[in-house]
Amino acid sequence: MEQEFTGKKDYQLSEITVSASCPSNIALIKYWGKYDHQIPANPSISYTLQHCRTQTEMQFVPGEPFSVETWLAGKEEKKFAEKTEKYFYEIQKYLPWILDGKYIISTANTFPHSSGIASSASGFGAIAKCLMLLDEEFCGRHEEDFFLRKASFLARLGSGSACRSLYNGLVVWGQTDVVPGSSDQFAVPYPQEDIHPVFRHFNDWVLLIHEGQKSVSSTVGHGLMKHNPYAQRRFQEARENFSVLKSVLKSGDMEAFIALVEHEALTLHAMMMMSAPAFILMKTGTLEVISKIWKFRNETGLPLFFTLDAGANVHLLFPGNESADAIRTFIGAELLQHTQNQGVIKDEMKF
Ligand code: DP6
C-alpha cells in the first residue's frame, strides 16, 4: 500500500499555487477512540455537508528552506502553521518532495470562526487536496480515483474525520465487513445503490448553542478512551450498528434510522462522562433542545431528530422535502431561543 503512495521527485518549477475547497461532514456512527497512526478503534459513517466548507490556497516555492506560513481569513495563524509543519514532517514518506520548499497557505471557512463548528475536517481535507494537486504537477499524471483515495489517506493523518470529507454523500471510514472495500487507512463512499432515496436529501441545521472554544479537544477526548472501562463495548457496538444501519439504509426505515442516529450521539457524550477525568460538552441548551425535539416528535410524528459532534451544538436533521414546513416553523418558534446569539447554520446533504 505504501508503495502506491510514493510520488516522484523530478520537478523544475520556480513557484506554484494550487487551491482547493473541501466540505465538512457530520458523523452518524461516530469515530471516538483511536490507535497509533490515526487508526480508528471502530468504523464510522458520515454525511458530507454542502455549504460548510474550507477554501484553501497553497503557494509553494520549491528549493527554499522548509517553512510554513498560514493565514486564516487574512490573519496570520502561527499555531496552525506549527501544526501544519508537524503534519508535513509526518507525511513526508508519502510525498517525498514535501519538505523541499516554502509554503504560504491561506484558508477561509464559509462558517464563522467562532461558531464552534470544527474546521479540522474541511481544513485538512482542503490541505490534502492541495498537496495532491502539487503532487500531480510533479508527477505529471492525474487519475481521479487515486487522487481522492490518497487525499483521503493524507487527510486522515491530519485529522481522522477529515478523510471522510473527500467524498460526497454517505462516507465510511474504518474496516467493516458490512461495506466492501472499507479501510482503516482512507474513507470510501457508501454504495449509492444501497441507499433508499429518502436518505439522499437531508437538512442539517446546526443550532449554535455555545460559540467559541470547546473545553476539551477531540484529540484529548480520543485519548481518554484508552482507559475508559466501557471503550471495548462501545467499539463493538459501533460495529454492530453498521449492520443495523445497512438494512435501515436499504429499506428506508426512518424510525429505525432516527433511533440509531440519536443513540450514537448520546453514546458519544456518555463516553465523555465515563472518561477519567470526566467531561461534559453539552450545555443546558443542548438538553433543552433534545427534550423539545422528543416531545415534538411524540406529538406530531414528524421526522425531526438530532445528532451531536464533540461539542454543545445540536445538529437538527430532517428530510429535505416539502413536508418540512411544520418542522421549520417549530425550530424558529421553539428551538432557536436556546442558541447563544440566534445562531443557526443551515446546511444540507444531497446526492
Ligand atoms: C466526535 O477527527 O476531530 O466528530 O483525529 O484527533 O483530529 P482527530 O479527531 P477528530 O474527531 C472527530 C470526532 C467526532 C466524531 C466523528 O466525526 O466521527
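The values are calculated or read from the model by the stated rules, or taken from the named source; none is laboratory data. Quick caveat, the model's predicted, so the values are computed rather than measured. As a convention, Cβ positions derive from the backbone with ideal geometry for all residues, glycine included, and neighbour counts pool all protein chains shown. Areas reflect the complete protein model, heavy atoms only, side chains present, ligands, DNA and RNA absent. Shrake-Rupley method; radii C 1.70, N 1.55, O 1.52, S 1.80 Å.
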Ratio of alpha-carbon Rg to the 2.2 N^0.38 Å globular estimate for segment 232-285, to two decimals, please.
1.34
So, in nm, how far is label Ala270 from label Ser67 when the simple model puts each one 7 Å beyond its Cα toward the Cβ?
5.2 nm
Between His51 and Gln192, how many nm apart are label points set 7 Å from Cα along the C-beta direction?
2.4 nm
Where a ≥ b ≥ c are root eigenvalues of the Cα gyration tensor, a/c under 1.5 meaning rounded, otherwise prolate if a/b exceeds b/c and oblate otherwise, segment 200-258 counts as oblate
Counting only the heavy atoms of the protein chains, how much of Arg328 is accessible to a 1.4 Å probe, in Å² to the nearest 10?
90 Å²
Less than 20 Å from a label point 7 Å out along the Cα-to-Cβ axis of Ser14: which backbone N atoms in segment 64-108 qualify, by residue?
64-66, 100-104
Taking the square root of 5λ for each eigenvalue of the C-alpha gyration tensor of the chain, the equivalent ellipsoid has semi-axes, largest first and in whole angstrom, of 35, 22, 20
Is the shape of segment 227-318 rounded, prolate or oblate, going by the alpha carbon gyration tensor and its root eigenvalues a ≥ b ≥ c, with a/c under 1.5 for rounded and a/b larger than b/c for prolate?
oblate
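Applying 1/(1 + (r/R0)^6) with R0 = 25 Å to the Cβ-Cβ distance of Ala324 and Leu287, what FRET efficiency is obtained, to the nearest 0.05?
Numbers: r = 24 Å, r/R0 = 0.97.
The calculated FRET efficiency here is 0.55.
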Which value, in Å to one decimal place, does the Kirkwood hydrodynamic radius take for segment 40-172 when every pair of different Cα atoms is included?
15.3 Å
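Report the full-extension gain for the segment Glu90 to Ser251: residue separation times 0.36 nm, less the Cα-Cα distance, to one decimal in nm. Working shown, then result.
Numbers: separation 161, 0.36 × 161 = 57.96 nm, distance 4.26 nm.
Net length gain for the segment: 53.7 nm.
With an 8 Å cut-off on Cα pairs and a minimum separation of 6 or more residues, tell me the relative contact order of segment 7-127 in percent.
Values: 218 pairs, mean separation 39.9, N = 121.
Dividing the mean separation by the residue count of segment 7-127 yields 33 percent.
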Any number yet on Rg/Rh for segment 184-228, C-alpha, Kirkwood?
1.13
Excluding residues on the same chain fewer than 8 positions from Lys226, give the aspartates and glutamates whose Cα lies under 20 Å from its Cα.
Asp36, Asp184, Glu237, Glu264, Asp309
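In debye, nearest 20: dipole of the chain around its Cα centre with unit charges on the Cβ of K, R (+) and D, E (-)?
Values: 33 positive and 40 negative charges, 150 e Å.
Its charge dipole is roughly 720 debye.
Listed here are the pairs Lys30/Lys93; Lys75/Lys129; Lys83/Lys246; Lys30/Lys295; Lys83/Lys292; Lys250/Lys283; which of them are more than 32 Å apart at the Cα? Don't jump to the answer; show the numbers that get you there.
Working: Lys30/Lys93 29 Å; Lys75/Lys129 22 Å; Lys83/Lys246 37 Å; Lys30/Lys295 25 Å; Lys83/Lys292 40 Å; Lys250/Lys283 35 Å.
From the list (Lys30/Lys93; Lys75/Lys129; Lys83/Lys246; Lys30/Lys295; Lys83/Lys292; Lys250/Lys283), the Cα-Cα distance tops 32 Å for Lys83/Lys246; Lys83/Lys292; Lys250/Lys283.
Considering every pair of different Cα atoms, what Kirkwood radius, in Å, is found for segment 8-117?
Numbers: mean 1/r = 0.0620 Å⁻¹.
Averaging 1/r across every pair of different Cα atoms and inverting gives 16.1 Å.
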Given the C-alpha centroids of segment 257-308 and segment 94-116, what is the distance between them in whole angstrom?
33 Å
With segment 107-200 reduced to its Cα atoms and the Debye formula applied, log10 I(q)/I(0) at q = 0.11, 0.24 1/Å amounts to -0.36, -1.17
Which GluC sites (Glu not before Pro) in segment 143-199 sit in a loop by DSSP (not H, G, I, E or B) and have at most 12 other Cβ atoms within 10 Å of their own Cβ?
Glu143
Taking 7 Å along the Cα-to-C-beta vector as the label spot, tell me the Val220-His113 distance in nanometres, rounded to one decimal.
2.2 nm
